[in-house]
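Working notes for the structure below.
The values are calculated or read from the model by the stated rules, or taken from the named source; none is laboratory data. Since the model is a prediction, treat every value here as computed from it, not as a measurement. Cβ coordinates were reconstructed from backbone atoms using ideal geometry, including for glycine residues, and neighbour counts include every protein chain displayed.
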Amino acid sequence: MRNVEEVFAKRPVFKVRLKGAPPPHGWAIRYKSGAEEKPDITPGDLLSQWSVDSEGVTFNFSPDPADMVLFDKEADAVKVVGWLRNNAEVETEALKVG
């Protein structure tokens with residue numbers, strides 16, 4: 001990965017597992033390659049964090065589909081795929097969920 005700095009969460013993350021919740025739908029991002037030096041990121045993992053603030057972009061991948069970030073529009077997911085390729089040298093692909 002290029003231009004990537006590992007940071008640790010500043011705030012806790014919370015999750016509520018609900019049975020009977022509607023299934024997710026939208027566009028997800030699947031990791032393909034580029035982060036081989038990080039053994040906890042493997043091909044097939046899904047984008048689980050994507051946030052943009054004044055300091056830059058924070059992103060992460062997870063094998064748990066419950067953690068995936070979903071985009072409403074294919075065009076938005078495709079922009080993220082391009083941004084990751086161009087700025088972090090991370091290869092991903094957009095995929096339809098639901």
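Remarks
- Considering region 39-49, and only residues there that are within 17 Å of residue 8 (Cβ to Cβ) and in contact (Cβ under 8 Å) with a residue 12 or more places away in the chain, the residue that is surrounded by the fewest Cβ atoms within 10 Å (Cβ to Cβ) turns out to be 49.
- Selection within region 41-76 - of a type in the set (Gly, Ala, Ser), modelled with pLDDT of 95 or more and within 10 Å of the chain's Cα centre (by Cα): 48, 62
- Selected residue [surrounded by fewer than 19 Cβ atoms within 10 Å (Cβ to Cβ), among the charged types (D, E, K, R) and free of Cβ contacts under 8 Å to residues at least 24 places away in the same chain] from 72, 64: 64
- Taking the criterion of being in a loop (DSSP other than H, G, I, E, B) and within 16 Å of residue 3 (Cα to Cα), the only residue of region 55-83 that qualifies is 55.
- Selected residue (criterion: farthest from residue 26 (Cα to Cα)) from residues of region 75-84 that are touching a residue at least 12 places away in the same chain (Cβ under 8 Å) and surrounded by fewer than 19 Cβ atoms within 10 Å (Cβ to Cβ): 83
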